Amino acid sequence: MLKTIIQTPDGVEALLVGVYERMQNGSSMFGGAMTSDWTYAAGCSDDCYKGTSTGDQSNFNLLERYEALPNNPYLDNRWTQCYDGVARANVTLQFLWQTQAGSSSLDAGRAKEVEAEAKFLRAWFHMQANKIFEKIPYVKTREELGDLAPEEVPNTDAGWDGIKPTFSMLSTTCPSLNTIRKLVARTSMLPWLSKPRLTCTRKSILLQNFFLMRLFPVVNSRLLPSSHGTSI
């Protein structure tokens, strides 16, 4: 019965809403920080201060001092929420394809949009994991993976081979959509095409600076390469 209800246009739309919901902080505004990134970005870069007392959110203090260990619950929160979002996106895609193969399918145009949205969100969640973890598994649906089970996808790289093509795909899919809402969606998607390249470049420069500082600790950091015109 549940499968029948979900395999309808309304059911698929409800699943897609569930994917968007996971972009919120969920139960972890500190460790998850899905849309704000304030713990890992603003906090760790000294652009903001946690405030309150020293003992409050002590795991935040560890990240702020670059002393986070693998058992820091913030990291578990981030990983869990990222891959919960990935799982929701994959379930949406699977039910979309099943619904389109049945008698109660979505309009062909809307089905194309839903698939594009779900795949973008899947790439976005992987991107959020990529920001924190050096190597991640890029998990797709069983249909897309073929003989490889989702839990067997290796984390041997940063996931760029899955993230970049998805953002590029949306830049070609969205122009065919004509309403104002879809045009706005396309406009907001386009900056994501540059985000992977900027992130790759930034990580490369930071890694280069890190090793230079380790090799030559007395060198003033202002002599090191910078990605934005100021010292890192």
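The values are calculated or read from the model by the stated rules, or taken from the named source; none is laboratory data. Note that the structure is a prediction, hence the values are computed from the model and not measured. We place every Cβ from the backbone using ideal geometry, glycine too, and count neighbours over all the protein chains shown.
Would a scan of region 11-19 turn up a residue that is outside any helix (DSSP H, G or I) and crowded, with 17+ Cβ neighbours inside 10 Å? The answer is no, given that none of the residues of region 11-19 is outside any helix (DSSP H, G or I) and crowded, with 17+ Cβ neighbours inside 10 Å.
Tell me, which residue of region 172-187 that is assigned to a helix (DSSP H, G or I) and surrounded by fewer than 14 Cβ atoms within 10 Å (Cβ to Cβ) is modelled with the highest pLDDT? Restricting to residues being assigned to a helix (DSSP H, G or I) and surrounded by fewer than 14 Cβ atoms within 10 Å (Cβ to Cβ), the top hit is T172.
Got at least one residue in region 112-120 being surrounded by fewer than 19 Cβ atoms within 10 Å (Cβ to Cβ) and under 11 Å from the mean Cα position of the chain (by Cα)? No, that holds for no residue. Annotation: L75 fulfils all but one of (1) within 17 Å of the chain's Cα centre (by Cα); (2) closer than 23 Å to T166 by Cβ; (3) not polar (S, T, N, Q); the unmet one is (2). Any residue at all in region 110-124 that's part of a helix (DSSP H, G or I), more than 21 Å from D10 (Cα to Cα) and not small (G, A, S)? Yes: region 110-124 contains one or more residues that are part of a helix (DSSP H, G or I), more than 21 Å from D10 (Cα to Cα) and not small (G, A, S).
Comparison of N61, N90 shows that the only residue that is of a type in the set (S, T, N, Q) and closer than 30 Å to R110 by Cβ is N90. Would you pick out the residues in region 138-169 that are in contact with a His (Cβ under 9 Å, 6 or more places away or on another chain) and either at negative phi or among the charged types (D, E, K, R) (or both)? Correct list: Y138, V139, G162, I163, T166.
Does R78 count as touching a Gly at 6+ places or on another chain (Cβ under 7 Å), assigned to a helix (DSSP H, G or I) and crowded, with 21+ Cβ neighbours inside 10 Å?
Criteria met by R78.
For region 5-50, taking the residues that are under 19 Å from L121 (Cα atoms) and in contact with an Asp or Glu (Cβ under 7 Å, 6 or more places away or on another chain), the one that is modelled with the lowest pLDDT is identified as R22. Within region 131-159, the residues that satisfy the criterion of being more than 22 Å from T92 (Cα to Cα) and either of a type outside the set (G, A, S) or in a helix (DSSP H, G or I) (or both) are K131, I132, F133, E134, K135, P154, N155, T156, D157. Listed by first and then second residue, the pairs linking a residue in region 90-102 that is free of Cβ contacts under 8 Å to residues at least 24 places away in the same chain to a residue that is surrounded by 16 or more Cβ atoms within 10 Å (Cβ to Cβ), with Cβ atoms under 7 Å apart and 6 or more places separating them unless they lie on different chains, are Q100/L106; Q100/A111.
Scanning region 37-60 for residues that are part of a helix (DSSP H, G or I) and either over 19 Å from N72 (Cβ atoms) or of a type in the set (A, V, I, L, M) (or both) yields A41, A42.
Among the residues of region 22-71, write down those that are acidic (D, E) and in contact (Cβ under 8 Å) with a residue 24 or more places away in the chain. Hit for region 22-71 is D37, nothing else.
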